[in-house]
1. I want to confirm something. Restricting to the range 110-123 and keeping residues that are of a type in the set (A, V, I, L, M, F, W, C) and in contact (Cβ under 8 Å) with a residue 40 or more places away in the chain, which single residue is farthest from ASN137 (Cα to Cα)?
2. Does at least one position in the range 122-135 carry a residue that is in a helix (DSSP H, G or I) and among the β-branched types (Val, Ile, Thr)?
3. Of the residues SER113, SER66, which single one is out of contact with any Pro (no Cβ under 6 Å at 6 or more places or on another chain), buried (at least 22 other Cβ atoms within 10 Å of the Cβ) and over 21 Å from SER51 (Cβ atoms)?
4. Out of THR40, THR107, THR54, THR89, which single residue is within 25 Å of TYR22 (Cβ to Cβ) and either surrounded by 22 or more Cβ atoms within 10 Å (Cβ to Cβ) or free of Cβ contacts under 8 Å to residues at least 40 places away in the same chain (or both)?
5. Would you call ALA67 at pLDDT 95 or above and assigned to a helix (DSSP H, G or I)?
6. Output the number of the condition that VAL125 fails; it satisfies all remaining conditions of (1) among the hydrophobic types (A, V, I, L, M, F, W, C); (2) buried (at least 16 other Cβ atoms within 10 Å of the Cβ); (3) touching a Phe, Trp or Tyr at 6+ places or on another chain (Cβ under 9 Å).
Amino acid sequence: MSYTSETDNDSTRGTKMYDERYVTPMRAELTQIGVQEMRTAQEVDAKLKNSQGTTLVVVNSVCGCSARNARPAVAKAIKGDVKPDTLTTVFAGQDLDAVQRARSYFTGYAPSSPQIALLKDGKLVYMLERHQIEGRNADEIAADLTRAFEKYCEARTAA
């Protein structure tokens, strides 16, 4: 497994920190529950630029707090009656351009991973940073996300 810092300069663009075979199951934890992966800057802009409604953006990562806390919390929170219109994710250390572009929508927040953002009509309205994720359990984080969803997202009615 090779390592390249996320903060390295542009000469590392396109360099992945981890073997893709290692991160595929971590990606799948979110994609299997309906979270749409964005792997390029163009895909990020297509989902976030001029978006309408609410969009969850999960900055996924290989770290333990992502595996133990963030991904399970997202899975629990999106089971509720009120949830974002669109569920998306980027993977830190793997899809560098996509992550950088997603973070450009997180005005006022330093890069961290994991990181969970909620946008409404393309504007950031809620953020959970790494320091708010690590050291807490998935149920506590899911409760925070659920409260944010109830505040910013519209309840869906059964058809």
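1. LEU119
2. yes
3. Values: SER66 fails: out of contact with any Pro (no Cβ under 6 Å at 6 or more places or on another chain).
Among SER113, SER66, only SER113 is out of contact with any Pro (no Cβ under 6 Å at 6 or more places or on another chain), buried (at least 22 other Cβ atoms within 10 Å of the Cβ) and over 21 Å from SER51 (Cβ atoms).
4. Working: THR40 fails: either surrounded by 22 or more Cβ atoms within 10 Å (Cβ to Cβ) or free of Cβ contacts under 8 Å to residues at least 40 places away in the same chain (or both); THR107 fails: within 25 Å of TYR22 (Cβ to Cβ); THR54 fails: within 25 Å of TYR22 (Cβ to Cβ).
Sole residue among the options that is within 25 Å of TYR22 (Cβ to Cβ) and either surrounded by 22 or more Cβ atoms within 10 Å (Cβ to Cβ) or free of Cβ contacts under 8 Å to residues at least 40 places away in the same chain (or both): THR89.
5. No, not satisfied.
6. Every condition holds for VAL125 apart from (2).
The values are calculated or read from the model by the stated rules, or taken from the named source; none is laboratory data. Worth saying up front: this structure is predicted, and the values here are computed from it rather than measured. Here the Cβ is made from the backbone with ideal geometry for all residues, glycine too, and neighbour counts use every protein chain on show.
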